[in-house]
Every structure is written in C-alpha cells, then in structure tokens.
Amino acid sequence: MTPPDTASTQTGDDRTFQVDLRGLVDLLSHHLYSSPRVYLRELLQNAVDALTARHILEPAAADAYGIRLHADGTVVRVEDDGVGLTEDDVHAFLATIGRSSKRAERIAEQRGDFIGQFGIGLLSCFLVADEIHVLSRSARTPGAPAVEWRGRGDGSYTVRTLPATARPRPGTTVTLTPRTDAGEWTRPAQVHALARQFGSLLRHPVTFDDGTGGPATRVNPEPAPWARTHPTPGARSRALAAYGTEVFGFEPLDTIDLDLPAVGLKGIACVLPEAVPPGRRHGHRVHIKGMLLSEQAEEILPEWAFFVRCVVDAESLRPTASRESLYEDDTLAAVRDALAERLRAWISRVAASDPELLSRFLRAHHLAVKSLAVHDDEILRMLLPWLPFETTAGSTSLDEFARTHRTVLVTNSVEEFRQIAAIASAAGLGVVNGGYTYDRELVHRLPEIRPEVTVADLDPATLTAHLDPVERETELAAAPYLAMARDALAVFDCDVALRTFQPASAPALLIDSRDARHERTRSQLAREGQGGIWGDILGALRQEAPRAQLILNQLNPLVRTAVAIGEPELARTSAEALYGQAAMLSRRPLRPAESSLINRSFLDLLAHALRKDS
C-alpha cells in the first residue's frame, strides 16, 4: 500500500469546484424552473434591477430611462438604460456562477429595492440559446469604456474592452441567438406575449420591436389598474371589474380592494360568479415590484377563501430560488392574515348594505362562508340566519325556517335525513340535513343568534313518537303477520311495527341509523370470533345492539292487503319486499344480503302473480 502524503493530509490543499455548466443548466430546466419561458423574465428582471440601481445613482433623470426588447426570429435582444457594468463587474459577476452584483456592498443598504435575490438568472438563457452576448457600459464612471462578454454553453467565456463608442450610452444589452429547438419561446409573437405576461405592471417603460420596421409597441402602456385615477367610485369599480375579466376570463361578482401599506401590497380580489368544488384552490397572480412572480400562488390567501381570485403587487414578499412562488416566512403569514381580514370586512359590508349582492354571493359560495363561520363568530352572527340549508321545507335559510319551526331537529347524516324527510315533513317536524360539511355544527349554534329557537339532534325515538298508533283491534288482527315479518327480517336485526302516518302513498319507513348498523356489525363479528383474541377485543366493546325498525303504514292500501294475507309463504315474501323497498327509498348503500333479498322477493312475487293468472 502506498502511504498517504502526510504533509498534504495535514495541511490540506485548497481546491476549486469544477462546474459542469451543461449539467447545471439541465438541473435548472428540470428542477428549478417550470419552463424555458422564464429566460425572458430573468432578462427583464436584470434590466429592472439595473434601472433601479441607476435611479439611486441619478434620481433626477431616472424617468427618462427604460427597457427595449427586440425579437425578429433570428435574435432576441434586451437593452436597458441601467447602471451598467465595468470590466471588474463582468469578471466578478457574469463569470462567477451564483454571485449577484446586486449583493455588492455599494448597494447593500438599498437591497430591498431589487427584485432578484439569487444571482443565477442569467444561466436561464442557456435554456434557449448556446451563447449569451452582453455589451455594457457603466454609468458610475464618466467616459468609461464598453465591455463585451460572451458566455457559451460549454462553460467558456471571453471578455473584451471596447471603445466607449461601441455603446454610446450607459446601460446593458443582452443578445441571444436562439437554438433551432427553442423557436417555441423565441418567436417574435411569443417574446411579445411573454413580455406582456411578465412585465405588464412594471414601473419602467418597456417597448417591443419585432424587426419589421414598424414602430415599437409599449408592453406596459398603463399603470396597474388600482393605481389609476378614476372620476367616480363607480368608474373605478367598472375598471377593476374589466381588468379582472381580462386577467381571469370571468366577470367578477364584485371586486375587493387590497391595500397593505406596511408591506407595500396593492391589488384586487375578484369574487367568482359561480361556486367552485370544496377544497379546490385557485391560484392567484402575484407580482413582486411589478414583475409577475406566479399565476398559481395559492399560499397568498387562507384555504377558506376559494371564492376569490387575486391579483396583487407587493414590495416586501420574498420569492423562492426559482422566483416562481413565495417563500413561506412570517411576513407571508402576516400578509395572509391581513388579506383574510379584508375579505371578512367585505362580507360584513355586503351583509350590512347590499342584500341583493349578498343573496347572489351566498347562492354561489355558501360552503365557503360556512367554513369561515365555523371559526369566525362575527361572520357567524352576521350570516348564519341567511345561509341556505337542506330542510324538510326544501333549500331555505335558517332564518326563514326558524319562523315556522321553533324546535329545529338536525340529522347526523345525509342518509338519515333522506330516510325520514318525507315522513317528518308530513308530521310537521322541522328537520335540517346535518350530514353536509359544517352544517350540523352551525345549526346547533343557531340559538346564539335566535335565542327563541331550540335545536336538538333527531333520533329514531323522536320520529316514532310522532307516528300515530293504530286502533287496538287493527293491531290484534295484524299480530300474526307482524310476528311472521319479524321472523323473516330477524337476519337484519329489524323489528316491525304498524303505525299510521302521512303520506299515505308511503307503504313503509325504515329507521336504521349508521351508528346502529355499525354496532350490529361489531356485535356479529364478536359472536363469530368468540374464543380468540379478536373476539375478546370486540366482546369488551359490545353494547346492546340497537335494532332497525320497519314501520308499516296502515293508511297504505298495499299494507292493509298484506297484513290480511293468509298464505304463509306469500306473507313472508311480502314482508321481505316491503323491507327491500323501504331500504332502497332510504338511499343508503345496500348490503349484499339486502340486495339478494330484494331480488328474491321480486321474483317470488312475480312467480306468484303468474301462477294466479294461469
């Protein structure tokens, strides 16, 4: 074995990382940036930061400076009137991956004025081109020479100093010669579209020239809509709504001004005119100092605010390394909370002053408001009486429902509501479907707003107590049939009773809660597993298993005929058929044994009818 070099091991040699630029660009394209289109955003961003630095250097003349784009199908060029670069700057910043001139000490105190944060943006140009040509002249030194830098995709570069006449004015020009496979992103029309997308709210003038000889067009001809002057509040509202329609493709139900001076955030929230699926969050357009950061920034608003889409421009929010989303920090959390308060304030204002708009809003977005009301007592007090719920009187507000029902009953599930809705309505009971998200919890809080109203959970005993008993003679005459029916349905742990209730068209009512079915299933598993550890566990949990109830309606002609059947097999089949029909009307999932019983009873009744006819 060759002994190690002791001196080298003890002292350590300083080494320099070797960077495979091709591999780095591939890493950026597949894991950092979402699309090659970001190359234009990075070029615009560098130009804006250069203009910002020159504004610090020459505040009085800054308004005359701008950015010019050129794309004619053969080259893409971005020219700015910014602070420019010296030869030392070029060596220090363009030739060193990961370093940014904006981190230099001379502008460190103005760090917050710049969009860029990471100093690797120029590499994104290699996503569409094999060579980057930079020609720059510094504004810091009068008469400074021009500097040319050429960087290539293989990692090599050259730097030349040129006479000042090579670029008469300070600033920087970046020129790309696109690869043949990058035409999708470098065609003149696409470059113009990307410039509009990324730079429509930039504060510096940006123009575009397609090389055809025509006049250059302004990419950002107007300031942000919330920064414009409008003659009347109505004109402002219409202008903001028109902007929302242009950006999002829908006409907003209303627009909400967003203004947080502490973080320099301004913008609007557009209220969606139609409901969106629960939990589906729309992305929002976030600009940082005018530059588009993301069109899908979900993190700017809380989850319950899925009834709006926002466009905001902020000064103090931090972008991630890719500059395509927001960095989650305390500032973003505070902004999210503050914007949530703006949305709550809008709901409060509409509830107090615009009943027609409130009605349209709640028809579309009652679920979002319910999710908010669960945790927000102010919204609960304002809107709970007006929120729509499914009830035995149809879809109606709690306020309207409580006028006719001082006692409001709530089911635990949609299934239970569907089982008893028609019968409860005919019996005069006021029942609300508490099976939907938030509904049961919210209905139970109604007495906080309407103290004269009582709210209670609906259980089978409550409903059964409102069904009228039959006459004693009638029940005695039906006793043999009821006994046979109980025997036939014992496999389903189902009791059978005879009552009278409306509507008379309903032959039977099956009362069987989900909790009762779960308890019966657990008891059955415990019996089947006796003697083993699983049986011991379930046995310890065993309770008196509640039974389902099949309540036959004596007012129904079919039931009156059935209880008088003298043929045992036919009577048994009729009881099974009545159970199956009631189970299907409950619209709960059928167990395999129930499906089998329904099929068998139908075929038996059909066979009996055919035998009778023949």
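Brief remarks follow.
- Scan the range 443-455 for residues that are surrounded by 19 or more Cβ atoms within 10 Å (Cβ to Cβ) and assigned to a helix (DSSP H, G or I) and the total you get is 2.
- Screening the range 62-97 for residues that are farther than 24 Å from residue 161 by Cα and open to solvent by less than 40 Å² (accessible area, probe 1.4 Å) and picking the one that is modelled with the lowest pLDDT gives 62.
- Filter pass, residue 371 being open to solvent by less than 20 Å² (accessible area, probe 1.4 Å), under 27 Å from residue 270 (Cα atoms) and among the hydroxyl-bearing types (Ser, Thr, Tyr): yes
- If the condition is being open to solvent by 20 Å² or more (accessible area, probe 1.4 Å), at pLDDT 90 or above and hydrophobic (A, V, I, L, M, F, W, C), then the range 341-358 contributes only 345.
- Within the range 143-167, considering residues that are assigned to a strand (DSSP E or B) and hydrophobic (A, V, I, L, M, F, W, C), the one surrounded by the most Cβ atoms within 10 Å (Cβ to Cβ): 147
- Residue match in the range 40-57 (condition: open to solvent by less than 10 Å² (accessible area, probe 1.4 Å), under 24 Å from residue 218 (Cβ atoms), at pLDDT 80 or above and not in a helix (DSSP H, G or I)): no
Conditions (1) open to solvent by 30 Å² or more (accessible area, probe 1.4 Å); (2) closer than 29 Å to residue 551 by Cα; (3) out of contact with any strand residue (DSSP E or B) (no Cβ under 6 Å at 6 or more places or on another chain); (4) in contact (Cβ under 8 Å) with a residue 12 or more places away in the chain, marked per residue:
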position	(1), (2), (3), (4)
385	no, no, yes, yes
407	yes, yes, no, yes
415	no, yes, yes, yes
427	yes, yes, yes, yes
438	yes, no, yes, yes
441	yes, no, yes, yes
457	yes, yes, no, yes
462	yes, yes, yes, yes
470	no, yes, no, yes
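- Qualifying residue in the range 247-259 (condition: among the hydroxyl-bearing types (Ser, Thr, Tyr) and in contact with a helix residue (DSSP H, G or I) (Cβ under 6 Å, 6 or more places away or on another chain)): yes
- Filtered residues of the range 56-90 (kept if of a type outside the set (D, E, K, R) and without any contact (Cβ under 8 Å) to a residue 24 or more places away in the chain): 59, 60, 61, 62, 64
Matching residues to (1) small (Gly, Ala, Ser); (2) in contact (Cβ under 8 Å) with a residue 12 or more places away in the chain; (3) over 24 Å from residue 400 (Cβ atoms); (4) open to solvent by less than 20 Å² (accessible area, probe 1.4 Å):
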{"site": "327", "(1), (2), (3), (4)": "no, no, yes, no"}
{"site": "339", "(1), (2), (3), (4)": "no, yes, yes, yes"}
{"site": "360", "(1), (2), (3), (4)": "no, yes, no, no"}
{"site": "363", "(1), (2), (3), (4)": "no, yes, no, no"}
{"site": "381", "(1), (2), (3), (4)": "no, yes, no, no"}
{"site": "389", "(1), (2), (3), (4)": "no, yes, no, yes"}
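- Matching residues, the range 585-601, being out of contact with any helix residue (DSSP H, G or I) (no Cβ under 7 Å at 6 or more places or on another chain) and within 20 Å of residue 556 (Cβ to Cβ): 585
- Check on residue 201, closer than 12 Å to residue 71 by Cα and either surrounded by 14 or more Cβ atoms within 10 Å (Cβ to Cβ) or free of Cβ contacts under 8 Å to residues at least 24 places away in the same chain (or both): no
- Of all residues in the range 184-201, those that are among the small types (Gly, Ala, Ser), over 29 Å from the mean Cα position of the chain (by Cα) and in a loop (DSSP other than H, G, I, E, B) total 0.
- Meets criteria (of a type outside the set (S, T, N, Q) and open to solvent by less than 50 Å² (accessible area, probe 1.4 Å)) for residue 129: yes
- Restricting the range 204-221 to residues that are under 15 Å from residue 46 (Cα atoms) and in contact with a helix residue (DSSP H, G or I) (Cβ under 8 Å, 6 or more places away or on another chain) leaves a set whose member that is most open to solvent (accessible area, probe 1.4 Å) is 204.
- Residues in the range 457-481 that are in a helix (DSSP H, G or I), under 15 Å from residue 552 (Cα atoms) and modelled with pLDDT of 85 or more: 8 in all.
- Lone unmet requirement of (1) open to solvent by less than 70 Å² (accessible area, probe 1.4 Å); (2) farther than 16 Å from residue 511 by Cβ; (3) in contact with a strand residue (DSSP E or B) (Cβ under 6 Å, 6 or more places away or on another chain) for residue 490: (3)
- Residues (assigned to a loop (DSSP other than H, G, I, E, B) and within 14 Å of residue 50 (Cα to Cα)) located in the range 202-218: 202, 203, 204, 205
- Selection status of residue 182, out of contact with any Lys or Arg (no Cβ under 6 Å at 6 or more places or on another chain), open to solvent by less than 30 Å² (accessible area, probe 1.4 Å), among the aliphatic types (A, V, I, L, M) and within 30 Å of residue 72 (Cβ to Cβ): yes
- Residue in the range 368-377 that is in a helix (DSSP H, G or I) and at pLDDT 90 or above present: no
- Of the helices (runs of 4 or more DSSP H) lying entirely inside the range 537-614, the ones with 1 or more residues being under 42 Å from the mean Cα position of the chain (by Cα) and modelled with pLDDT of 85 or more are found at 568-585, 592-613.
The values are calculated or read from the model by the stated rules, or taken from the named source; none is laboratory data. No experiment lies behind these values; they were computed from the predicted model shown. Every residue, glycine among them, receives a Cβ derived from its backbone with ideal geometry; neighbour counts consider all protein chains shown. Note: accessible area is taken over every heavy atom of the protein model, side chains too, but ligands, DNA and RNA are not part of it. Shrake-Rupley method; radii C 1.70, N 1.55, O 1.52, S 1.80 Å.
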